[in-house]
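Enquirer: The structure follows.
Coordinate-derived values only; no laboratory data. A quick note: this is a predicted structure, and the numbers were derived from the prediction, not measured. A quick note on method: Cβ atoms are made from the backbone with ideal geometry, for glycine too, and the neighbour counts reach across all protein chains shown.
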Amino acid sequence: MKRALLIALAAVGLMAAEPPPAPDRPLPDAAQEARAQALFDGIRCVVCQHEAIADSPAGIAADMRRLVREEIAAGRTDAQVREDLVRRYGDFVLFKPPVRAGTWLLWFGPLAALAAVGIGLFALSRRRRDETPALSADEEARLADILASEADRRDPDAKRSDD
């Protein structure tokens with residue numbers, strides 16, 4: 001009974017897995033395939049997010065490669081292919097998104113954060129610290145007595161240079 005249950009669960013798990021993507025079919029024209037390969041390196045896989053579609057094993061990446069090849073075969077320019085992908089998936093799909101109002105935080109956010117930290121550190125270093133008042137003559141005499149007495153030393157084996 002347990003074995004049948006385990007087999008059934010394994011079968012359900014295998015059916016739920018994503019089917020492997022269809023193998024890539026390069027374009028017959030070498031120049032068009034070179035354009036497609038160049039575009040693949042600049043387009044982010046929407047599943048992996050850190051890989052280009054050229055390197056991603058995800059099924060959606062295979063679909064995106066197929067789409068790019070179809071559009072190149074249809075005679076579209078590289079800019080038109082990128083625009084179509086941005087229309088479908090947003091600016092995130094490009095490794096180098098365009099600079100516009102919607103992507104300012106993406107482009108300039110790290111620089112603004114770095115500048116804010118730098119300004120904060122500069123302001124912190126310029127802040128005035130309260131100066132410690134100098135010792136009075138009586139306090140200096142007491143300090144000299146403490147330092148001179150051998151009875152107050154923490155380590156009797158210590159030399160004067162260890163203080």
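Enquirer: With Cβ to Cβ distances under 13 Å as the rule, what net charge do the other residues near Arg87 carry (K, R +1; D, E -1)?
Expert: -1
Enquirer: Please arrange Lys2, Lys96 by how many other C-beta atoms lie within 10 Å of their C-beta, fewest to most. Write down the numbers at each step before the final one.
Expert: On the way: Lys2 6, Lys96 10.
Ordered by Cβ neighbours within 10 Å, fewest first: Lys2, Lys96.
Enquirer: Sorting check: for 102-113, 130-141, which peptide has the highest mean count of neighbouring beta carbons within 10 Å, and how do the rest follow?
Expert: Those peptides, ordered most packed to least, come out 102-113, 130-141.
Enquirer: Going by how many other beta carbons lie within 10 Å of each one, how would you line up Val81, Val117, fewest first?
Expert: Val117, Val81
Enquirer: Could I ask something else about it? To the nearest 0.05, what FRET efficiency results for Lys96 and Ile119 with a Förster distance of 41 Å applied to their C-beta separation?
Expert: Details: r = 29 Å, r/R0 = 0.70.
Efficiency computed from Cβ-Cβ geometry: 0.90.
Enquirer: Would you please give the FRET efficiency between Leu111 and Asp84, computed as 1/(1 + (r/R0)^6) with r the Cβ-Cβ distance and R0 = 41 Å, to the nearest 0.05?
Expert: My answer for the efficiency is 0.85.
Enquirer: What are the trypsin sites (Lys or Arg not before Pro) within segment 47-99 that DSSP puts in a loop, where the Cβ has at most 15 other Cβ atoms within 10 Å?
Expert: Qualifying residues, ordered by number: Arg76.
Enquirer: Counting pairs of alpha carbon atoms under 8 Å apart in space and at least six apart in sequence, what relative contact order in percent does segment 18-125 give?
Expert: RCO, segment 18-125: 22 percent.
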